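This report concerns only the one structure given below.
Quick note: the coordinates plus some simple rules give every number you see, no bench work behind them. A quick note: this is a predicted structure, and the numbers were derived from the prediction, not measured. For neighbour counting, all protein chains shown are included, and Cβ atoms are generated from backbone atoms with ideal geometry for every residue, glycine included.
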Amino acid sequence: MRDIIITLIVFGSIPFILKRPHVGILMWVWISVMNPHTQTWGFAATFPFASIIAVATLISLLLTKGPKSLPMTPVTFSLLAFVVWINVTTVFALMPDYVYPRWSTVMKIMLMTFVTMMLIRDREHIQKLVWILVISLGFYGVKGGIFTILSGGSEMVWGPENTFIGGNNEIALALIMTIPLMHYLQTITDKKAVRRGLGVAMALSALAALGSYSRGAFLAIAVMGTFLGMKSRHKTRIALLLLLALPLMIMFMPDKWSSRMDTIQTYDSDPSALGRINAWWMAFNLAKDRPLVGGGFEIYEPQFFMMYAPNPDDIHAAHSIYFQALGEHGFVGLGLYLLLAMLTWRTGSWIIRNTAGNEKYTWAHDLARMVQVSLIGFGVGGAFLSLLYFDVPYYLMAILVATRVFVEKEMRRENSSRSVLPAEQRQLGHAPLYASRVINREQLP
């Protein structure tokens with residue numbers, strides 16, 4: 001039954017996509033982030049829904065009318081440079097015969113990120129995209145939170161298999177990133193039931209993140225919670241909720257959860273932590289040997305650990321977005337990635353600064369703040385995970401770009417309309433205008 005429902009939704013959306021290409025972006029994000037087909041057991045589990053949606057969206061992009069240009073912002077240029085550099089490092093990859101599958105996946109994500117920046121244009125599109133992200137990840141947050149309650153926290157929460165968020169660490173970070181977006185949606189809805197539902201979803205998502213037993217997620221949720229309290233318009237309310245809810249959630253978790261979190265302080269004797277540090281040294285030493293291009297995709301192999309790692313027998317993935325960028329794309333690639341992150345943050349700061357105190361743009365002001373909180377969570381949690389190509393941060397980047405472009409356009413239009421009357425007055429002169437008013441009054445009976 002699930003297979004049929006998802007198939008009907010996807011194919012039923014195609015006529016709407018062909019008419020309105022931004023619908024294709026919403027469907028693409030839903031399919032690629034939530035991966036609803038992974039919740040089925042029949043033919044839909046392996047059906048190429050994402051490819052069908054992508055092709056329909058690209059066809060609609062070409063055939064429909066309307067503005068479709070790529071916004072030329074510093075973020076856009078830095079992302080283009082990063083994508084170009086990924087292709088350069090792929091050419092010089094140490095494992096050229098094995099890099100194509102990963103390269104293909106990454107290029108699809110980047111292509112659809114650019115398409116998102118082209119098609120998400122106004123406030124309605126932006127907020128729909130936020131809703132899709134929240135629904136896609138919030139589903140696993142609510143499900144995981146309920147699972148944690150029913151199991152008494154004794155069982156580990158996992159994400160959908162064979163996806164970016166399939167692991168316990170990965171799903172936890174994705175949920176932490178979603179909580180600020182849920183809070184944003186609370187601020188823009190007038191319906192009490194929706195606000196309360198989002199509040200419950202936030203609590204369950206936080207509990208699911210704790211139930212993942214991820215130590216990196218525990219650090220990320222602490223930092224994200226702090227920034228959430230600082231960035232929210234409802235600082236006192238959020239602070240009280242955090243002070244009350246988080247300790248209760250932690251007390252609910254069993255002793256084995258507490259024992260695992262305690263290993264954060266004794267990382268130097270924890271095999272998992274030592275394995276990550278070993279992988280970081282491998283990436284750093286490889287980058288020193290190949291500072292411009294790094295090793296390309298698929299470098300986490302025994303021969304490279306033998307050459308570059310302090311412990312050649314302890315083979316792990318990068319377990320850090322920063323060391324992943326460094327090892328795979330060299331110091332240039334890491335620099336471009338950090339530049340992209342900085343410019344994205346500055347885009348959010350521009351929105352916050354220029355919309356402060358303007359009620360018309362309160363939604364944009366709050367959105368930029370919450371996206372920044374979400375990105376802070378990713379920046380902290382990503383330091384311990386191989387999620388360099390995780391698509392959600394790129395969609396958040398596109399949201400900030402679209403919001404800034406829209407706000408700038410609206411502010412220019414408003415300034416232009418304000419300057420029309422003074423210009424006319426300068427051309428016609430103030431005296432004739434005043435005289436005409438006097439004459440009109442005298443003509444009254």
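How large is the convex hull of the C-alpha atoms of region 101-206 per residue, in Å³?
Taking only Cα atoms, region 101-206 has a hull volume of 96 Å³ per residue.
Report the Cα-based extents of region 135-174 along its three principal axes, largest first, to the nearest Å.
26, 19, 15
Mind checking the full-extension length gain between L246 and A356? Use 0.36 nm per residue of separation minus the Cα-Cα distance, one decimal, nm.
36.6 nm
Can you check how the C-alpha radius of gyration of the chain compares to 2.2 N^0.38 Å, as a plain ratio?
Normalised by 2.2 N^0.38 Å, the Cα Rg of the chain equals 1.13.
In debye to the nearest 20, how big a dipole does the chain give about its Cα centre with +1 on each Lys and Arg Cβ and -1 on each Asp and Glu Cβ?
With Lys and Arg at +1 and Asp and Glu at -1, about 2120 debye.
Short version: ³J(HN,Hα) in whole Hz for each residue of region 349-364, in order, from phi by Karplus 6.51 cos²θ - 1.76 cosθ + 1.60 (θ = phi - 60°), x for Gly and Pro, what are they?
Coupling constants for region 349-364: 5, 4, 4, 4, 5, 8, 10, 4, x, 9, 4, 4, 10, 4, 4, 5 Hz.
Roughly what angle does helix 123-150 make with the longest principal axis of the chain, taking Cα atoms, 0 to 90 degrees, to the nearest 10?
40 degrees
What's the whole-number percent of alpha carbon pairs in region 1-63 lying beyond 17 angstrom?
33 percent
Under 8 Å for C-alpha pairs, at least 6 residues apart: give me the relative contact order for the chain, rounded to a whole percent.
19 percent
Could you tell me the convex hull volume per residue, in Å³, taken over the Cα atoms of region 122-265?
114 Å³
Dipole magnitude of region 122-265 about its Cα centre, charges +1 at Lys/Arg Cβ and -1 at Asp/Glu Cβ only, in debye to the nearest 20?
I would put it at about 580 debye.
Run the numbers on region 96-230 and let me know its relative contact order in percent, using alpha-carbon pairs under 8 Å that are six or more apart.
27 percent
Hey, which lysines would be in cross-link range of K128, C-alpha to C-alpha under 23 Å, not counting anything within fewer than 8 residues on its own chain?
Here the lysines satisfying the reach criterion relative to K128 are K19, K65, K68, K108, K143, K191, K192, K231, K360, K409.
Please compute the length gained on full extension between S269 and S51, using 0.36 nm multiplied by the number of residues separating them and subtracting their Cα-Cα distance.
Going from the current span to full extension adds 74.0 nm.
Tell me the angle of helix 271-289 to the major Cα principal axis of the chain, expressed in degrees between 0 and 90 and rounded to the nearest ten.
Helix 271-289 and the main axis of the chain meet at about 70 degrees.
When ranked by the protection proxy of mean other Cβ atoms within 10 Å per residue, highest first, what sequence do the peptides 359-366, 115-122 form?
Going by the mean number of other Cβ atoms within 10 Å, highest first, we get 115-122, 359-366.
Using the Cα gyration tensor of region 19-135, with a ≥ b ≥ c the square roots of its eigenvalues, what is the shape: rounded (a/c below 1.5), prolate (a/b larger than b/c) or oblate (neither)?
The shape class here is oblate.
Any idea what angle helix 430-442 forms with the longest principal axis of the chain, computed on alpha-carbon atoms, 0 to 90 degrees, nearest 10?
It is inclined by approximately 60 degrees.
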